[in-house]
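Scroll down for the structure; my scribbles are underneath it.
The values are calculated or read from the model by the stated rules, or taken from the named source; none is laboratory data. Everything numeric in this text was worked out from a predicted model, so none of it was measured. Neighbour counts are summed over all protein chains in view; Cβ atoms, including those assigned to glycine, are modelled from backbone coordinates with ideal geometry. Side chains are part of the model used for accessible areas, which takes the heavy atoms of the whole protein and leaves out ligands, DNA and RNA. Shrake-Rupley method; radii C 1.70, N 1.55, O 1.52, S 1.80 Å.
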Amino acid sequence: MSKREFNNHLNDLTTKEWLKFQKSWFVHNPPPRKDDVLRHPAKYPETMAQEFIEFFTKQDGVVLDPMVGTGSTIVGAMRASRHCYGIELNPGYAEVARDVILRERENLGDSADHLTTEVIHGDAAEIGEIVAKYEIPPIDYVITSPPYWDMLHAKGAETQNKRRQDEGLDVVYSEDPNDLGNIADYGKFLERLTRIYIGLKPFLKPKAYLTIIVKNVKKGGKIYPLAWDLGKRLDEVYTLKDEKIWCQDNIRLFPYGMGNAWVSNTFHHYCLQFRNE
Ligand SMILES: C[S@@+](CC[C@H](N)C(=O)[O-])C[C@H]1O[C@@H](n2cnc3c(N)ncnc32)[C@H](O)[C@@H]1O
């Protein structure tokens with residue numbers, strides 16, 4: 001089938017490109033990071049964000065990331081020639097994201113001139129006020145990743161934390177009580193996070209997709225199934241369509257529990273696909 005014959009309502013991909021994205025798992029290792037974004041403890045690759053954005057939107061579509069960190073989603077959107085808004089609670093990360101976008105605009109030149117990109121310092125829980133203030137148009141697609149509960153505060157993170165501390169890098173996102181990564185109670189965390197995602201619904205176009213990138217969390221010798229809990233809860237408001245598994249294969253293995261118990265090195269994330277139906 002030629003590209004011309006392919007009646008594509010969702011994106012601008014060819015049939016071959018569409019098919020390639022349909023595999024339910026993929027390996028994507030982040031490219032090396034620049035110094036300023038390294039400060040953020042948990043980013044996803046902008047190259048990966050771009051692939052998702054190119055599948056779930058057409059050119060000039062509007063993308064939102066309600067927890068944008070240092071701006072990977074916005075960079076991915078710019079490279080795909082989409083408009084993008086990002087909300088971030090930590091003003092330091094919002095500032096880094098603005099610098100990253102300026103650099104990206106220099107790289108992309110004239111082709112990015114018509115694109116709207118906005119990094120909004122704020123709390124994603126206040127999406128109604130933010131949409132009104134920044135006049136965000138109806139949204140075609142959301143791609144985002146939340147704090148993985150309070151995992152950055154966890155005991156097991158100590159080795160990595162020590163190394164990051166020595167290098168002057170952040171080990172947690174912030175001390176802000178509105179930062180979901182600081183909520184110690186799993187039930188309360190899940191409740192607040194779910195409420196944020198449900199709060200986006202009035203601002204999404206009908207049939208818009210949401211991709212939430214998340215891991216199940218290990219704590220105190222058991223699993224808290226964050227990905228599955230989100231899938232179940234959000235399916236009451238959106239339709240849970242599918243999952244795609246993001247695997248990383250360039251991370252050092254640690255012998256957790258060796259000789260005593262099964263403890264995996266968890267190098268996969270769930271990219272949950274919801275649709276506003
Ligand atoms: C997993 S990180 C996102 C990283 C981002 N995808 C990137 O690649 O840079 C989660 C982010 O959520 C932010 N955050 C936590 N609570 C928030 C809230 N209530 N509103 C907005 N952002 C929040 C944190 O500061 C952190 O940067």
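Worth pointing out:
- For Ala42, no residue 5 or more places off, or on another chain, has a built amide H under 5 Å of its own.
- Surface composition of segment 119-277: carbon and sulfur make up 53 percent of the accessible area, probe 1.4 Å.
- The His153 and Ser264 beta-carbon pair, evaluated with R₀ = 25 Å, returns a calculated FRET efficiency of approximately 0.75.
- Label-to-label distance, nm, for residues given as Arg105 and Thr47 (7 Å Cα→Cβ offset): 2.6 nm
- Length gained when the stretch Gln22-Thr239 is fully extended (0.36 nm per residue, less Cα-Cα span): 76.3 nm
- For the chain, alpha-carbon Rg relative to the globular expectation (2.2 N^0.38 Å, N residues): 1.00
- GNM result for the chain, Cα springs below 10 Å: residue of Asp12, Asp179, Asp150 fluctuating most strongly: Asp12
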